[in-house]
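Have a look at the structure below, then the notes.
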Amino acid sequence: MVESEANLTKTYDAIVIGSGAAGGMAAHVLTSHGLQVLLLEAGKKLPIERELRSMEWPYDNPYRGSLPPDQHSLTFNEYTIRNPPYGPGFEKAKHLKSYVGNTDYMKNIVVDERENPFTGTNYAWVRARCLGGKTNIWGRLALRLSDYDFKAKSRDGYGENWPISYSDIAPYYDKVDLYLGITGVKENLPYLPDSIFQRPTKLNCAEVTLKESLAKMGRVLTQYRAGVTTDGLKHNKYRSRCYGRGACERKGGCDIHAAFDSPTGLIYPAMDTGNLALRTNAVVSEITVDPKTGKASGVRFIDNQTMKDYAVRAKVVVLAASTLESARLLLLSKSRLHPNGLANSSGHVGHNFCEHIMGPGVTGRAKNLIGKPPTLDDGRPGGFYLTRFRNLADKHPKFIRGYGFEGGSGSTMFPHGTDTPGFGASFKEEVRKNQGAFISMGAFGEVLARYENYVDLDSVVKDKWGIPALRFHYKFGDNEHRMAEDMKETAQEMFEAAGFEIVHVRSRVLTEGWSIHELGTARMGSDPKTSVLNQFQQSHDVKNLFVVDGSAFVNASCQNPTWTIMSLCWRSCDYLADEFKKGNL
């Protein structure tokens, strides 16, 4: 890999802020067009293979995979009972992590909550400040949106339509599929378009039983559509194909890089062009503007380690810091020409915040698998995806939009069912006998985009670097709670219809933010009065500013957003490069 040092005296063609799915894609596309790009990442470059250790057995870890005793990870109850900022009350813990950071494999990837406080309503905000961001630990489900999502207002009258259709983004979904690799099975569903799939993983016995039962109900269960290369990628020397081994169900990424991550999938190849410079430990505090033209002129940042201030200039600024951090940075970038924050003449920056509601689900047991020899189900990037079935042909009387389920079954490195009562040899035998018989699934549902769900800046609380913290004004609404009731009921009905013994039905709605799918704080649209960006994620107000992460989403749909974020980003950066070469930026 050719790693180029950042030259802060140089004016770059483009600065990209953030190195996750969007930032990595922006770096890849812009450098391929020949632009000189500086990539800024707030965290450091981790030796990620030494962090993840997917082949390590629990008994080989001094804490059985859990956090060291001097660190604490927030729990559901702590998110619910306490109010942000979550630091006070945990003084005994040297480091405080989000709920995702509850393992020894994640402790250096997610941020310290005390160094990165936020205020307002309860929210489980998961952040990963390191090269690649959350792509180092993402769940890998890679789904496309359809015109059921892009034109949802036309179907149910709520919210706004996107200024694009599926036909506009479909070629870029294809590009992402081919460049990064995706596994799955074609189903020919109009509401969940197929990708260009590599070799799929196999469903196991309990999953096939559920699939066949659901087919009788007119519902579709398909293999987990994972952003994983199962056949390999001849054009990428930094990634391996999936070998179907390791503790893939554990929170954490892929240490052989079969699963997509931004560094090996996008950033390292971009460095090899010679057109990309990287500066890590760069906490951006402001996007600067030219006082004469009002256009973006560069950024100011603070070195994460030395606390020194720096500035660097560019002809174009591409913001890809993740939905909430991008909104924060736009609001922080106030000036005489942009008194309400950069790109915010509409007053919509930070608003229309949406995501996915989680919590309801079911665990069952396939009695015919009790006592059977264990199967090898470790190493699968996921089990199954049960596609949306509500508000497609028929309208549900209690809520609009839809939800899907993610789930799985089988024998894994750490067995299921260890919470069964017992002790000693008989307890171990009971666990061994039942571990491969359990099957479970949990729902992800669309949270409606509402103007009154928003974030702004706290005037008092600041982070470790003296930058004002983000303040949340965000709660699930009636539509989400009615949807959650239906999730619980249908989950149980489907497992009972498949003949599974019901072990546990989950009705509890998890804290806002649990999905880690925050979207929509700088939405795209055709009207500059009600949107922040145009269809190419270009600011209506500042033509050389692009916001290419989940901020641009008009609604959340019920599909995981990563593949759409990268496809939109590729499309926007192709447009950016073309406009740049024409001299229009």
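The Cα trace of the stretch 432-585 gives Rg and Dmax of 20.9, 68 Å, the first to one decimal, the second as a whole number. Roughly what angle does helix 424-434 make with the longest principal axis of the chain, taking Cα atoms, 0 to 90 degrees, to the nearest 10? Value to nearest ten degrees: 80.
In terms of overall dimensions, the chain has a Cα radius of gyration and Dmax of 23.2, 78 angstrom. Along the axis of the charge dipole computed for the chain (Cβ charges of +1 for Lys and Arg, -1 for Asp and Glu, origin at the Cα centre), the listed residues ALA128, THR564, LEU8 are led at the positive end by LEU8. In this view, the solvent-accessible surface of HIS348, computed with a 1.4 Å probe and all protein chains in place, comes to about 20 Å². Dipole magnitude for the stretch 1-58: computed about the Cα centre from +1 point charges on Lys and Arg Cβ and -1 point charges on Asp and Glu Cβ, it is near 60 debye.
Using C-alpha pairs below 8 Å separated by at least 6 residues, the relative contact order for the stretch 169-291 is 21 percent.
Which order do you get for MET25, MET307 if you rank them by accessible area with a 1.4 Å probe, largest at the top? Spell out each step's value before the answer.
Values: MET25 0, MET307 85 Å².
Ranked from most to least accessible, the order is MET307, MET25.
The peptide list 13-19, 87-93, 276-282, put in order of mean Cβ contacts within 10 Å with the highest first, becomes 13-19, 276-282, 87-93. Among residues other than TYR474 with Cβ under 12 Å from its Cβ, the summed charge is -3 (Lys and Arg +1, Asp and Glu -1). Other residues with beta-carbon under 15 Å from the beta-carbon of PRO193 carry, at +1 per Lys or Arg and -1 per Asp or Glu, a net charge of -1. The distance between label points at SER4 and ASN83 comes to 5.0 nm (points 7 Å beyond Cα on the Cα→Cβ vector).
Relative contact order for the stretch 484-560: 24 percent, from Cα pairs under 8 Å spaced at least 6 residues apart, divided by residue count.
I need to check one value: relative contact order of the chain, counting alpha carbon pairs closer than 8 Å and at least 6 residues apart, in percent. Provide the component values of the computation, followed by the final result.
On the way: 1442 pairs, mean separation 121.5, N = 585.
That works out to 21 percent.
Using the Cβ-Cβ distance between LEU178 and TYR575 with R0 set to 25 Å, the FRET efficiency from 1/(1 + (r/R0)^6) comes to roughly 0.80. Taking 19 Å as the cut-off, the amide N atoms of the stretch 418-455 that come nearer than this to a point 7 Å along the Cα-to-beta-carbon line of THR75 belong to 418-421.
Taking all protein chains as present, what is the carbon and sulfur share of the accessible area of the chain, in % to the nearest whole number, probe 1.4 Å?
On the chain, the fraction of accessible area on carbon and sulfur atoms equals 50 percent.
Applying 0.36 nm per residue to the separation of VAL461 and GLU91 and subtracting their alpha-carbon distance, the gain on full extension is 131.4 nm. Only the Cβ atoms of Lys and Arg (+1) and of Asp and Glu (-1) were treated as charged; on that basis the dipole of the stretch 369-431 about its Cα centre amounts to roughly 520 debye.
Sort 469-478, 46-55 by packing, meaning the average of other beta carbons within 10 Å per residue, with the highest value first.
Details: 469-478: 18.0, 46-55: 16.4.
My ranking of the peptides, most packed first, is 469-478, 46-55.
Between GLY232, VAL110, ALA491, the Cα set farthest toward the positive side of the dipole of the chain (charges on each charged residue's Cβ, about the Cα centre) is that of GLY232.
Between ARG432 and ARG64, full extension at 0.36 nm per residue minus the direct alpha carbon distance yields a gain of 130.6 nm. As a size descriptor, the averaged projected area of the C-alpha convex hull of the stretch 251-379 was calculated at 13.9 nm². For the residue pairs LYS315/LYS462; LYS44/LYS462; LYS202/LYS372; LYS44/LYS582; LYS107/LYS488, the C-alpha atoms sit more than 26 angstrom apart in LYS315/LYS462; LYS44/LYS582; LYS107/LYS488.
Taking the longest Cα principal axis of the chain as reference, the axis of helix 562-582 is set at about 20 degrees.
Given the peptides 421-431, 216-226, arrange them by the average over their residues of other C-beta atoms within 10 Å, most packed first.
Working: 421-431: 10.6, 216-226: 19.4.
Packing order, densest peptide first, comes out as 216-226, 421-431.
Order the following by accessible area, largest value first: ARG380, ARG144. Probe radius 1.4 Å; ligands, DNA and RNA are ignored. Intermediate values should be presented prior to the final figure.
Details: ARG380 40, ARG144 10 Å².
From most exposed to least exposed: ARG380, ARG144.
Translational diffusion of the stretch 1-131, estimated by Stokes-Einstein from the Kirkwood radius over alpha carbon pairs at 37 °C in a medium of 0.692 mPa s, is 191 µm² per second. Of the residues PRO397, VAL503, THR209, the one whose Cα sits farthest towards the positive end of the charge dipole of the chain is THR209 (charges of +1 on Lys and Arg Cβ, -1 on Asp and Glu Cβ, taken about the Cα centre). With respect to the chain, whose longest principal axis is taken over its alpha-carbon atoms, helix 478-497 is tilted by about 30°.
The values are calculated or read from the model by the stated rules, or taken from the named source; none is laboratory data. In this text the structure is predicted, and so the values were computed from the model without any measurement. Neighbour counts are summed over all protein chains in view; Cβ atoms, including those assigned to glycine, are modelled from backbone coordinates with ideal geometry. Just the protein is used for accessible areas: all its heavy atoms, side chains included, with ligands, DNA and RNA removed. Shrake-Rupley method; radii C 1.70, N 1.55, O 1.52, S 1.80 Å.
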